[in-house]
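Single-structure report; data block below.
The values are calculated or read from the model by the stated rules, or taken from the named source; none is laboratory data. What you see is a predicted model, and the numbers here were worked out from it, not measured in a lab. Positions of Cβ are backbone-derived with ideal geometry, glycine not excepted, and every protein chain shown enters the neighbour counts. When the accessible area is computed, the model is the full protein with side chains, heavy atoms only, and any ligands, DNA or RNA have been set aside. Shrake-Rupley method; radii C 1.70, N 1.55, O 1.52, S 1.80 Å.
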Amino acid sequence: MAKHKAYNKEKKPNNPPKPRYTNQANLFHRDVIAPLERRYRQCLQAREYESARALLRELETARREHRILIHRNERVKIN
């Protein structure tokens, strides 16, 4: 009969998870630009051109702000 290796039941605690970071421009795009683009496409599809024109103006100003955030390259902690 073969001898088995002795089993050690004492387990070391795991290291805490590394903090996760993302670019602030990515969060801005997710929270501001993407919903505006969705609403803009829905207005065009429904042929509501006046409201689409207003959404396009909002979208252009949001994109300008997004470009500024991209160049700043600020990191934000998530989770």
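Pairs only if they're at least six apart or on different chains, beta carbon under 7 angstrom, first in region 51-73 and of a type in the set (Lys, Arg), second surrounded by 14 or more Cβ atoms within 10 Å (Cβ to Cβ); list them, first residue then second. Qualifying pairs under 7 Å: Arg63/Ile33.
Each residue in region 24-79 was checked for being in a strand (DSSP E or B) and at pLDDT below 95, and 1 pass. Filtered by the rule that a residue be open to solvent by 70 Å² or more (accessible area, probe 1.4 Å) and within 23 Å of the chain's Cα centre (by Cα), region 30-56 gives Arg30, Asp31, Arg38, Arg39, Arg41, Gln42.
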